[in-house]
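Just so it is clear, none of the values below were taken in a lab; they were calculated from the coordinates. Given the structure is predicted, the values throughout are model-derived calculations rather than measurements. Every residue, glycine among them, receives a Cβ derived from its backbone with ideal geometry; neighbour counts consider all protein chains shown.
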Amino acid sequence: MIRSDVLVVGAGPAGSIAALVLARAGVGVRVIDRARFPRDKLCGDTLNPGALAMLDRLGIGARVRERAIPVEGMIVTGPRGTTVSAAYPDGLRGVAVKRADLDLLLIAEATAAGACFEQGIAVRAPLMEGDDRSVRGVLARSSGAETELRARVVIAADGRASRLASALGLSRFAFSPRRWAFGAYFQGVTGQTARGEMHVRRDGYIGVAPLPCGLTNVCVVREIGPPEGGPHEEPESDALELGHGRENVGAAFRRPYRGIVANAVAADPLLRDRFANARQVASVTTLGPLAIDSRGAGCPGLLLAGDAAGFIDPMTGDGLRFALRGGMLAAEAALRELETDQPAWRWLDARRADEFSRKWRINRVLRRLVGSPAGVDLAARLAAHWDAPVRYLIGVAGDISIAQHVNSQLPTLLR
């Protein structure tokens with residue numbers, strides 16, 4: 001049995017940032033992850049200006065920029081050829097960086113601050129005790145052996161299909177819409193600029209982002225049904241996520257979608273020429289269903305961070321800002337719980353609502369819009385004559401107000 005002050009389950013951006021903040025505060029932190037790093041993760045691979053400002057606030061933005069290329073704004077197109085391109089105001093920039101590189105950098109910062117990181121450890125279930133059934137650790141498996149990892153506070157940052165959140169009834173896959181994301185990397189795409197791209201179509205959307213070393217990230221999001229005949233058992237490391245828990249989905253489901261990304265860009269009037277001589281350099285990765293509903297930010301002894309605390313189809317490209325700020329808030333809640341010995345999940349729930357509720361509402365509206373072909377057509381016709389709403393949304397998607405606020409405080413924060 002191993003004990004620590006705080007156990008962080010999941011070493012993605014939310015978990016690593018939570019561990020970094022806690023370790024800098026002198027807390028004994030252990031981070032575990034089922035994967036071994038570096039590992040690829042389906043993601044848009046961009047940090048908007050608000051997310052980058054969060055990293056600047058922690059003093060690590062410069063190191064991220066060293067591995068990234070700048071993103072100065074967004075290009076949004078509609079199904080009728082409507083195009084709106086806007087730069088972020090005040091010279092603000094985001095960055096594009098491979099998620100594998102970002103995750104490795106963030107967990108390295110956490111360990112440099114004093115956190116202990118262990119890879120290849122899969123969580124099986126929460127450990128609970130007391131009259132209030134407080135979480136006091138996890139039952140984990142590593143190299144075929146089970147062990148108990150105990151802590152005064154557990155932070156679940158183990159992703160959309162969080163074992164801990166689902167086991168405790170804190171999250172579930174949304175009933176509608178059932179969108180899946182398919183991503184791949186390409187080399188040799190033409191027409192790239194310093195702006196991210198969102199191509200909204202009647203059947204979903206396509207995100208395109210330039211990356212260092214001439215790579216291009218392409219994510220195709222479509223609404224599809226579950227696999228015919230149900231899930232097929234395969235090794236868990238090769239799992240997709242389906243339904244209301246973690247299930248393994250076999251080759252019979254993946255096979256029809258292996259060419260979905262290449263086919264989507266080849267069939268798109270605005271993209272096909274740019275990809276005519278491009279080469280796909282990585283297999284298609286799949287994630288879905290995307291939307292996760294959460295009924296709270298934790299329970300006694302447990303705090304949720306990142307996608308484990310809820311996930312809204314991130315067509316505005318702000319998923320990493322939610323993750324980074326969510327990790328910071330979870331760390332603040334953990335410090336409160338350690339100091340007072342009182343559950344802090346309700347405080348965390350309120351803080352998350354204060355900070356994220358406006359963006360959540362906007363994302364839900366956009367999610368419904370993209371799910372309606374008629375709505376997409378109407379928005380495209382409107383944007384052809386009046387692009388102010390799209391320009392406004394580009395600013396909202398970039399979390400510009402967050403970046404401006406943090407940047408105004410940086411001289412004080414970094415003194």
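Work out how far the C-alpha atoms of region 122-220 reach from end to end along every principal axis, then list the three figures in whole Å, largest first.
Largest first, region 122-220 extends 60, 33, 24 Å along its Cα principal axes.
Give me the extension gain from VAL281 to ASP354: residue separation times 0.36 nm, minus the current Cα-Cα distance, reported in nm with one decimal.
22.1 nm
Quick one: length gained pulling GLU148 to SER408 fully straight, 0.36 nm per residue minus the C-alpha distance?
That works out to 89.1 nm of additional length.
When you count, for each residue, the other Cβ atoms within 10 Å and take the mean per peptide, how do 11-18, 59-66, 323-330 rank with the highest first?
Final packing ranking: 11-18, 323-330, 59-66.
Which whole-percent values make up P(r) of region 18-153 when all C-alpha to C-alpha distances are grouped in 10 Å steps starting at zero?
Pair shares across the bins are 10, 28, 29, 19, 10, 3, 0.
With label points built 7 Å along Cα→Cβ from the Cα atoms of ARG295 and ARG63, find their separation and express it in nm.
Distance between the two pseudo-spin positions: 4.0 nm.
Could you list which residues have their amide H under 5 Å from that of SER134, counting only those 5 or more apart in sequence or on another chain, with H placed in the peptide plane?
The list, which skips near neighbours in sequence, is GLU129.
So what is log10(I(q)/I(0)) for region 117-173 at q = 0.24, 0.25 1/Å, when the Debye sum runs over its Cα atoms only?
These q points yield log10 I(q)/I(0) values of -1.05, -1.12.
For ASP341 and ARG124 in the same chain, what is the full-extension length gain: residue separation times 0.36 nm, less their Cα-Cα distance, in nm?
Working it through step by step, the gained length comes to 75.5 nm.
Could you rank the peptides 345-356, 47-58 by their average count of other C-beta atoms within 10 Å per residue, with the highest value first?
47-58, 345-356
For region 1-98, what log10 I(q)/I(0) values come out of the Debye formula at q = 0.11, 0.16, 0.21 1/Å, with one point per alpha carbon and no solvent?
Values returned for q = 0.11, 0.16, 0.21 Å⁻¹ are -0.48, -0.84, -1.14.
If you average the C-alpha positions of region 1-49 and of region 77-154 separately, how far apart do those two centres end up, in angstrom?
5 Å
Out of every Cα-Cα pair in region 267-309, what percent are more than 15 Å apart?
The proportion of pairs with Cα distances above 15 Å equals 68 percent.
Under the Kirkwood approximation applied to all pairs of distinct alpha-carbon atoms, what is the hydrodynamic radius of region 64-103 in Å?
One decimal place: 11.9 Å for the Kirkwood radius.
Where in region 106-203 are there trypsin sites (Lys or Arg not before Pro) that are in a DSSP coil and have at most 16 other Cβ atoms within 10 angstrom of their Cβ?
The qualifying sites are ARG133, ARG202.
Amide H of VAL31 versus every other amide H placed in the peptide plane: which residues, excluding those fewer than 5 positions away on the same chain, fall under 5 Å?
Counting only residues 5 or more places away or on other chains, the set is VAL8, CYS116, PHE117, GLU118.
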